[in-house]
Amino acid sequence: MDETAREHYLEQFKRENDKVSDLFGGNIDKVGTEIVDLLKEKDLTHEQAYASLQYAYNLIKYESNFLKLQ
């Protein structure tokens, strides 16, 4: 049962992330991978990494006037 749930999760994860490049361009997944690699390099806990991402999200919203618009 656990293996089936794990397989379902990984299949769903792949399917959800396949759409990112199609919708926003091929570089988006690369940037996301670079962010995760940076979090690993900083040796953060899961909670610290999540807090960093939340902070980054809030900062992006705050600085949205300075980001490139399409």
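The table for this structure:
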quantity	calculated
Some residue of region 24-41 being open to solvent by 80 Å² or more (accessible area, probe 1.4 Å), at pLDDT below 85 and not basic (Lys, Arg)	yes
Test set (1) open to solvent by 100 Å² or more (accessible area, probe 1.4 Å); (2) assigned to a helix (DSSP H, G or I) - Asp18 fails condition number	(1)
Residue match in region 55-64 (condition: without any contact (Cβ under 8 Å) to a residue 40 or more places away in the chain, at negative phi and not in a helix (DSSP H, G or I))	yes
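The values are calculated or read from the model by the stated rules, or taken from the named source; none is laboratory data. Small disclaimer: the values here were computed from a predicted structure and weren't measured. Using ideal geometry, Cβ is built from the backbone for each residue, glycine included, and neighbour counts are taken over all protein chains shown. Accessible surface is based on the protein model in full, side chains and every heavy atom, while ligands, DNA and RNA are left aside. Shrake-Rupley method; radii C 1.70, N 1.55, O 1.52, S 1.80 Å.
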